[in-house]
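Structure first, then comments.
The values are calculated or read from the model by the stated rules, or taken from the named source; none is laboratory data. Please read these numbers as outputs of a predicted model, since none were measured by experiment. Neighbour counts are summed over all protein chains in view; Cβ atoms, including those assigned to glycine, are modelled from backbone coordinates with ideal geometry. Remember, those area values only see protein heavy atoms, side chains included, never the ligands or the DNA or RNA. Shrake-Rupley method; radii C 1.70, N 1.55, O 1.52, S 1.80 Å.
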Amino acid sequence: MTLNNMRRVFFFIAVVAMMATSAFAQQPTATTERGKLAPTPPMGWMTWNMFKGDISEQLIKETADAMVESGLRDAGYKYVFIDDLWQGGRDNRNNIIPDPKKFPNGIKALADYVHSKGLKLGIYSDAAQLTCGGCTASYGFEEQDARTFASWGVDYLKYDYCNAPEDSATARLRYKTMADALSKSGRDIVLGICEWGQRNGEEWCEHVGGQLWRTSSDVRDMWKDIVNQGGVGILDIINVTAPLSKQVRHGQWPDMDMLVVGLNGKGGPSSDLGGVGCTYTEYQTQMSMWCMMSSVLALSNDLRHLTPEDKRILLNKEIIAIDQDPLGKAAERVVNEAGHQVFVRPLANGSHAVAILNSGDKAQRLSVSFKQLGLTGKYTVRDVWQHRDIASGATKWGGKVQAHETKVFVLR
Ligand code: GLA
């Protein structure tokens with residue numbers, strides 16, 4: 001090679017190296033610290049409990065439209081989550097792809113549609129080779145999948161733990177690997193840890209880069225588990241989550257699983273293991289207690305066919321305000337008797353939310369002195385389900401509570 005040719009080759013190599021370096025330098029990185037990705041509990045809708053694998057681009061678009069038209073979006077429900085069974089395997093470059101029959105135009109086009117409505121898109125994967133539903137999952141492909149999700153415009157990843165080793169150390173490692181991959185992906189993507197509380201995700205979620213932690217196994221459309229086959233109902237989830245309230249803080253939220261409000265026993269997976277449906281009193285209790293506990297609020301009924309009762313519960317701005325309160329504290333359970341429970345939650349404006357839950361199967365008269373809750377003043381009592389002040393200068397409350405009903409008051 002002549003000296004001139006050598007110079008040309010050297011120059012060519014230098015230019016390629018510079019281009020590669022600058023391309024690398026320009027690769028976008030997510031801008032928000034992981035701890036700040038979910039300043040309040042995320043709110044949205046999830047496909048699983050009603051539709052299982054019967055999901056499609058059309059369903060997601062119609063649901064997004066319904067979220068806008070019903071006022072749910074403006075009430076704070078922003079995420080549309082595609083749960084399991086969306087996947088179509090990997091292409092010849094190992095990129096994860098959607099099922100082409102369900103999502104013929106791909107997820108990016110769908111995300112664009114969802115974003116154009118002022119909503120966000122959530123998707124699902126699993127920290128193993130296969131998801132709970134037996135589809136392609138992300139273990140070993142974390143960075144590649146995170147880049148794919150980012151390129152589609154995904155805003156939230158629910159990351160499940162089926163088919164993965166049982167121990168907590170492996171779970172932490174696998175969740176951290178995905179959180180790191182999301183951070184490198186160039187997009188702010190919330191990470192939901194879904195190990196069902198079996199490895200105490202609440203203790204390490206923040207450390208590994210997650211924003212929320214599932215507290216229980218899968219919710220069924222029922223009040224409580226009486227068939228003892230592994231499904232959990234509304235009261236069961238309240239009971240497993242109540243002791244975790246001290247773990248709740250800004251950016252670290254409990255995920256008490258999906259709201260079953262409005263499923264009325266018609267959901268797919270939510271209807272087995274005793275999931276025969278609930279009364280609207282019970283659905284109202286679910287909404288009340290999920291909000292008292294600062295849970296993620298993920299609707300799971302068919303939003304295209306909302307009843308006035310569904311809307312009354314799901315669009316109650318006063319109860320949603322408790323869930324989203326900027327102080328970010330979950331309610332403490334201060335009374336835990338066999339037939340009733342009482343919870344107190346401090347709010348940012350100095351007032352307190354109080355929930356009185358009749359967990360028994362018959363209506364009962366209950367009375368609560370505010371002093372016993374640590375509240376020593378005289379209070380104006382607002383009933384957030386009746387939307388009116390029911391007392392002023394009060395130091396206690398007493399009244400009838402229906403079976404499985406929850407009264408929620410704000411004391412100021
Ligand atoms: C697990 C999760 C559910 C749902 C299914 C999907 O059971 O806990 O919420 O995502 O997997 O297969």
Next item on the list: Multiply the residue separation of residue 74 and residue 206 by 0.36 nm, subtract the distance between their alpha-carbon atoms, and state the gained length in nm to one decimal.
Entry: 44.6 nm
Checklist line | Pairwise Cα inverse-distance average, inverted: Kirkwood Rh of the range 292-362 (Å) | finding: 13.9 Å
Check: Given the Cα atoms of the range 172-306, and with Rh set as the inverse mean 1/r over their pairs in the Kirkwood sense, what is Rg to Rh to two decimals?
Finding: 1.00
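Among 186-194, 53-61, how do they line up by average Cβ neighbours within 10 Å per residue, starting with the highest? Numbers along the way, then the final one.
Details: 186-194: 23.1, 53-61: 17.2.
The densest-packed peptide leads the list: 186-194, 53-61.
Could the peptides 299-306, 272-279, 102-109, 217-224 be put in order, highest first, of the mean number of other beta-carbon atoms found within 10 Å of their residues?
Descending mean neighbour count gives 217-224, 299-306, 272-279, 102-109.
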Next item on the list: Evaluate the relative contact order of the range 229-284 (contact order divided by residue number), counting alpha-carbon pairs under 8 angstrom at least 6 apart; express in whole percent.
Entry: 39 percent
Checklist line | For residue 299, residues with placed amide H under 5 Å, excluding near neighbours | finding: 44, 45, 46, 259
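Which of rounded, prolate, oblate describes the range 303-412, given a ≥ b ≥ c as roots of the alpha-carbon gyration tensor eigenvalues and a/c under 1.5 marking rounded, otherwise prolate only if a/b is larger than b/c?
Note, shape of the range 303-412 comes out oblate.
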Check: How long is the gain from residue 304 to residue 116 if the chain were fully straight, where each residue apart is worth 0.36 nm and the alpha carbon distance is subtracted?
Finding: 65.8 nm
Checklist line | Separation in nanometres of the label points that stand 7 Å from Cα toward Cβ, at residue 363 and residue 380 | finding: 3.0 nm
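If Lys and Arg each add +1 and Asp and Glu each add -1, what is the summed charge of the other residues whose beta carbon sits under 13 Å from the beta carbon of residue 112? Please report the intermediate quantities before stating the final value.
Numbers: positive: 61, 108, 117, 120; negative: 57, 155.
Within the 13 Å Cβ shell, the charges total +2.
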Check: Using θ = phi - 60° and the Karplus form 6.51 cos²θ - 1.76 cosθ + 1.60, what ³J(HN,Hα) does each residue of the range 328-339 get, whole Hz, x for Gly and Pro?
Finding: x, 9, 8, 5, 9, 8, 9, 10, 9, 9, 4, x
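Shape verdict for the range 342-407, please, from the Cα gyration tensor: rounded (a/c under 1.5), prolate (a/b greater than b/c) or oblate. All intermediate terms of the calculation are to be shown ahead of the outcome.
Details: a/c = 1.71, a/b = 1.62, b/c = 1.05.
Verdict is prolate for the range 342-407.
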Notebook entry, point to check: How big is D for the range 161-250, in µm² s⁻¹ as a whole number, if Stokes-Einstein is applied with the Kirkwood radius of its Cα pairs at 37 °C and 0.692 mPa s?
Noted result: 231 µm²/s
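Considering only the chain, what is the antiparallel percent among its DSSP beta bridges, to the nearest 5? Before the final figure, lay out the partial values.
Details: 34 of 59 bridges.
Just about 60 percent of them are antiparallel.
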Next item on the list: For residue 143 paired with residue 90, estimate the spin-label separation in nm (one decimal), with each label point 7 Å from Cα along the Cα-to-Cβ line.
Entry: 1.4 nm
Item checked: Cα centroid separation - the range 192-220 against the range 270-327, whole Å -> 20 Å
Next item on the list: Net charge near residue 340: determine it from the other residues with C-beta under 14 Å of the C-beta of residue 340, scoring Lys and Arg +1 and Asp and Glu -1.
Entry: +2
Item checked: Relative contact order (%) - the range 186-264, alpha-carbon pairs under 8 angstrom, separation at least six -> 29 percent
Note to self: Less than 12 Å Cβ to Cβ from residue 406, Lys/Arg counted +1 and Asp/Glu -1: what total charge do the surrounding residues give?
What the structure shows: -2
Check: Between residue 266 and residue 240, what is the spin-label point distance in nm, taking each point 7 Å from the Cα along the Cα→C-beta axis?
Finding: 2.8 nm
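Percent relative contact order of the chain, based on C-alpha pairs within less than 8 angstrom and at least six residues apart? List each step's numbers first, then the result.
Values: 900 pairs, mean separation 56.2, N = 412.
Relative contact order here is 14 percent.
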Note to self: Show me the three semi-axes of the equivalent ellipsoid for the chain, from the C-alpha gyration tensor (sqrt of 5 times each eigenvalue), largest first, rounded to whole Å.
What the structure shows: 44, 23, 19
Notebook entry, point to check: Which whole-number value in Å² is the accessible area per residue of the range 231-304, probe 1.4 Å?
Noted result: 25 Å²
Check: What residues have an amide H closer than 5 Å to that of residue 190, excluding those fewer than 5 places away on the same chain, when H is modeled at 1.01 Å from N in the peptide plane?
Finding: 156, 157
Checklist line | Per-residue HN-Hα couplings for the range 402-407 [Karplus 6.51, -1.76, 1.60; θ = phi - 60°; Hz; x = Gly/Pro] | finding: 5, 3, 6, 8, 10, 8
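I'd like to compare 87-99, 111-123: which one has the highest average count of other Cβ atoms within 10 Å, and what's the full order after that? Let's see the in-between values first.
Values: 87-99: 14.5, 111-123: 19.5.
Per-residue Cβ counts within 10 Å, averaged per peptide and sorted highest first, yield 111-123, 87-99.
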Check: In Å, the Kirkwood hydrodynamic radius of the range 46-136 over pairs of distinct alpha carbons?
Finding: 13.7 Å
